[in-house]
There are 2 protein chains.
Amino acid sequence: MPATTKTETITLQEQAQNTRRAARALARLSGEQRNGILLKAANLIEARCAEILAANQADCEAFTAAVGNGTASEVLLKRLKTSAAGVSEMAARVRDVARLDDPLEKVIATTELDDGLVLKKVPCPLGVMAVIFESRPDVVPQVGSLAIKTGNGLVLKGGMEARNTNRVLVGIWREALAAHDARLAACICLLEDRAEVMQVLQMEREIDLVVPRGSTDFVNFVFQHSRIPVLGHGSGICHIYVDRAADRNMAKEVVIDAKVQYPAACNSVEKVLVHQDVAARFLPEMGRALQSAGVEVRGCERTLELCPGLNVIPAGEEDWSTEYSDLKITVKVVASLQAAIEHIDRYGSRHTESILTEDPAAAETFLDEVDAASVFHNASTRFADGFRYGLGAEIGISNSKLHARGPVGMEGLLTYKYKLHGSGQIVSSYAEGKKTFKHKRI
Amino acid sequence: MPATTKTETITLQEQAQNTRRAARALARLSGEQRNGILLKAANLIEARCAEILAANQADCEAFTAAVGNGTASEVLLKRLKTSAAGVSEMAARVRDVARLDDPLEKVIATTELDDGLVLKKVPCPLGVMAVIFESRPDVVPQVGSLAIKTGNGLVLKGGMEARNTNRVLVGIWREALAAHDARLAACICLLEDRAEVMQVLQMEREIDLVVPRGSTDFVNFVFQHSRIPVLGHGSGICHIYVDRAADRNMAKEVVIDAKVQYPAACNSVEKVLVHQDVAARFLPEMGRALQSAGVEVRGCERTLELCPGLNVIPAGEEDWSTEYSDLKITVKVVASLQAAIEHIDRYGSRHTESILTEDPAAAETFLDEVDAASVFHNASTRFADGFRYGLGAEIGISNSKLHARGPVGMEGLLTYKYKLHGSGQIVSSYAEGKKTFKHKRI
């Protein structure tokens, strides 16, 4: 099985059409057959561990040679590098997906419209999705397993820096597919030319969904230039609201975790709103704890007044809509729960919002009224994640309210269709009143 | 209650924000309370029948005075005009929606992530939707009932020609809302200035979904200019494939119904694909039947050869991707079921596609492999409709595969959110291995 899939003689559009055709055949396999392909791939990942690691080693060396040493490149190198344990984890995750229920099997609804005229609403794959990603080698097994499980084709475009690793991993997928049927290998293909990304974004008849995984700038670029629906999130401006009835120790611990545990994550907290009744006692404590953890604290005027001993930077208007993705946080004192909800409605990115309170009624109001994919009560915003939610695998996190929302697993790759089984019925019989609909749910 | 809702002193954006705020309160009512508002409105529609008809009469007279008589204006006048029976039907449809199950009540999934850390996936309203429509007065009660049932706010922009009718009907909705709580009246507002449409399309923080109902050109304009997700369909290029194993009489009857019963509908058939094995016998019969019904027939070369006595116009490449919305049809002879599927994949608009055959295996392949919102076996394409599907009421038909697809009822106005109920959990406990997730489905 060739490691890359782009042959020189066909256009990108033809290649995507081949993927589309192969995916149609994949979707018609039984759930057991699709799981068989997943288990075959998991075995191959383990069997070829040495080959994966050698390719990854070559990528890491090429990266270091090109970029040199330094803090920034170390962070990137850490994302690029995998290990024997990482490869085992890849195989284990693919097996996790194989264990999930077959998403294509279950009929969503059946309605008898009339005698011999039965309507079924059934799940079906989207068709072909394009995933554009950087560095992390575990993206290939993860999205590959979700695509095959749901009967979708996959056009992958990885970063140049992970070129060798991606080739081996995509080659494994194609081998596992071909082991079932040679024509299925085309279900997954790998692009390596950066210029092809713009072409992909225009192929609205060939590709049904684009999933950009990368920097906020890159994701926003894709949102702006794609004619195809995009699953992703531009920014994560997550708030924690510390209510008047919050447990102060819990609040301090949760805020620190949400900011410090992984500041670059989209679900890390960027803004803390504190009820005025607890601000005087809570803010100096929280401010000290944040500063001890190396966090730069910005604040509204009232925050500055309440924390005279701390080096709080005055917040400007732009701070409320800025995602720092860094050890920085902005704090605001609010007059009420409703004021917190209004602030979040105005500045939030509808990603993840958390209330800390011992008052169940306040929690319920917040969870009901705040418009975000994930709304939390007494928990760190960092829990908003497909693995932590138990989705099996994550294709991405969506800030859109349409289609799949929040951390997205298999359901993001599915749509449905209406299948109507008739026996020659025509509409004019019903329009003229000769027949009437039964609309009986079965 | 004022008939229109736009007061002169606030901006469109402020008005939409008021609608958003009022809708938040609406969403927190119980299902019984929201149904109470629907029943109140249904009663008001009946009680104010004379007022609705007088307003509608004024609209019709103004329209005739402005446009004059003629075939085209008669069609439009027919769409604009309502009657006492039409008004009763409006009230009956609103009561139908009240009878549907509460869509906000049911928890979609519950997962215990760990002790005292429970994740619930719950349905919730999208927020505010904007519906831009022409003529038909029954749009106001229909989308109003769906919006209130699902806890959404509604910004309506009707056509100038139905101005008086729309004012009365929107006034009734606002009165029914205010009867429950005066602040709820703002849930529905009516715009009358055409220039405001462009503004609405840019208000991505205030409005969650745009539903354009009108001509293909208008819908495509909205798709191109909206920064907000759009629910609708640009074109309906629907095919009927007459298989080698089709019942010829049934096929003739279904094709005639699908083309003639309402040629301007998006679900009327535009192209007929005929298997080569039955073309010689079937095509002349079908061609004659279509021409007797006043349909202009275009065809591929083989069709022309097979129908020498009929006046078939040679089809050009552009015919395969043209929606006529008129008494015109294009016919092609295909070599196989797979050739039909490939043709539809290339030219179809993914709206509604039908196979006519007595061969269950061919039907299954077609229904599985054709990528369209509605796929039919032995039935007219004209069945693709929310009322015929038994959805209760229809907000529109979507050709998009993401979010709601095909004829869309209540589910198109809903999204979901993840509510996480914790007791102070932080992610670092799990990242450091002090705790592990349970992921127990409840």
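Points to keep in mind about this one:
- Annotation: for a label point projected 7 angstrom from Cα along Cα→Cβ of A:Asp96, residues of region B:406-441 with backbone N closer than 17 Å are B:427-441.
- In plain terms, the residue of B:Cys49, B:Cys307, B:Cys187, A:Cys266 with the fewest other Cβ atoms within 10 Å comes first and the most crowded comes last, giving B:Cys49, B:Cys307, A:Cys266, B:Cys187.
- Bridgeable aspartates and glutamates around A:Lys438 (alpha carbons under 20 Å apart, same-chain partners fewer than 8 residues away excluded): A:Glu112, A:Asp114, A:Asp115, B:Glu89, B:Asp96, B:Asp101, B:Asp385, B:Glu394.
- With a Förster radius of 30 Å applied to the beta-carbon distance between A:Ser30 and B:Gln33, the computed FRET efficiency rounds to 0.05.
- Shown is the FRET efficiency for A:Gln291 and A:Asp326, computed with R0 = 25 Å from the Cβ-Cβ distance and rounded to the nearest 0.05: 0.95.
- Between A:Asp217 and A:Ala66, full extension at 0.36 nm per residue minus the direct alpha carbon distance yields a gain of 52.1 nm.
- Rough spin-label spacing in nm, given labels placed 7 Å along Cα→Cβ, for A:Arg183 and A:Ile108: 2.8 nm
- The C-alpha atoms of chain B define a longest principal axis, and helix B:12-27 lies at about 80 degrees to it.
- log₁₀ of I(q)/I(0) at q = 0.09, 0.16, 0.21 Å⁻¹ - region A:126-268, Debye sum with one point per alpha carbon: -0.38, -0.87, -1.26
- Positive contributions from Lys and Arg (+1) and negative ones from Asp and Glu (-1), summed over other residues with Cβ under 14 Å from the Cβ of B:Val222, come out at 0.
- Relative intensity, log₁₀ I(q)/I(0), of region B:246-316 from a Debye sum that treats every alpha carbon as a point, q = 0.18, 0.21, 0.22, 0.27 Å⁻¹: -0.66, -0.91, -1.00, -1.43
- Candidates B:Glu432, B:Glu318, B:Glu296: whichever shows maximal mean-square fluctuation once chain B is modelled as a Gaussian network with Cα springs under 10 Å: B:Glu432
- Comparing A:Val312, A:Val200, A:Val75 in a Gaussian network model of chain A (Cα springs below 10 Å), the most mobile by mean-square fluctuation is A:Val75.
- Chain A: radius of gyration and largest Cα-Cα distance (Dmax), Å: 25.2, 84
- Both radii come from the Cα set of the protein assembly as shown: Rg as radius of gyration, Rh as Kirkwood radius; their ratio Rg/Rh reads 0.99.
- Remark: label point of A:Thr110 defined 7 Å out from Cα along the Cα-Cβ vector; separations to the same position in other copies 2.9 nm, ascending.
- As a calculated quantity, the FRET efficiency between A:Asp115 and B:Ala361 at R0 = 25 Å, using C-beta atoms, amounts to about 0.60.
- Relative contact order for chain A: 19 percent, from Cα pairs under 8 Å spaced at least 6 residues apart, divided by residue count.
- Neighbour counting of Cβ atoms within 10 Å sorts the residues B:Ser374, A:Ser336, fewest neighbours leading, into A:Ser336, B:Ser374.
- Ordered by the count of other Cβ atoms within 10 Å of each Cβ, fewest first, A:Lys435, B:Lys440, A:Lys78, A:Lys149 give A:Lys78, B:Lys440, A:Lys435, A:Lys149.
- The C-alpha atoms of chain B define a longest principal axis, and helix B:163-180 lies at about 40 degrees to it.
- Rounded tilt (10° steps) of B:337-347 against the dominant C-alpha axis of chain B: 60 degrees
- The lysines within cross-link reach of A:Lys157, meaning a Cα-to-Cα straight distance under 16 Å and a gap of 8 or more places when in the same chain, are A:Lys6.
- Whole-angstrom Cα spans of region B:238-383 along principal axes, big to small: 37, 31, 27
- When the listed pairs A:Lys271/B:Lys419; A:Lys149/B:Lys120; A:Lys40/A:Lys149; A:Lys417/B:Lys401 are checked against a 18 Å cut-off, the alpha-carbon distance exceeds it for A:Lys271/B:Lys419; A:Lys149/B:Lys120.
- Cα convex hull of region A:50-138 - mean projected area over all directions, nm²: 9.3 nm²
Since every read-out is calculated from the coordinates, none of them should be taken as a lab result. Owing to the predicted nature of the structure, the values given are computational and were not obtained by experimental measurement. Every residue, glycine among them, receives a Cβ derived from its backbone with ideal geometry; neighbour counts consider all protein chains shown.
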